[in-house]
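Nothing in this text is a laboratory measurement; each read-out follows from the coordinates by a stated rule. Not measured: the values here are computed from a predicted model. Here the Cβ positions follow ideal geometry from the backbone for every residue, glycine too, while neighbour counts run over all protein chains shown.
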Amino acid sequence: DLDLHVVTVLNENQKEETAQTILDEAENRLAASGYSPKTVVLYGTAEEAIADYVKTEEIDLLLMGAYGKSRIRSLLIGGTSTTL
């Protein structure tokens, strides 16, 4: 009985159509597995947009997908997952 939210964050240089296509595919795959996710496109910096969304929607558990970056870069700078 958990609500499932699938979100992506766009900045001003990214196209909403591409993001929505990816979210639609995620929704279809999850629906095929019996889930009813809420999909949302957010805008701004990922850290701020996701944090605001989590607070607004009163979300208790946040799971984030990540993609590979240099271990040195992650160690020195961090990433969205680390920040959140």
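If the segment from Tyr53 to Arg29 were pulled out straight at 0.36 nm per residue, it would be longer than the present Cα-Cα gap by 6.3 nm.
Under the combined filter of DSSP loop state and at most 16 neighbouring Cβ atoms within 10 Å, segment 1-46 retains these GluC sites (Glu not before Pro): Glu12.
Sorting 56-63, 1-8 by average packing, meaning the other beta carbons within 10 Å per residue, from highest down gives 1-8, 56-63. Other residues whose C-beta falls under 11 angstrom from the C-beta of Glu57 contribute a net charge of -2, scoring Lys and Arg +1 and Asp and Glu -1.
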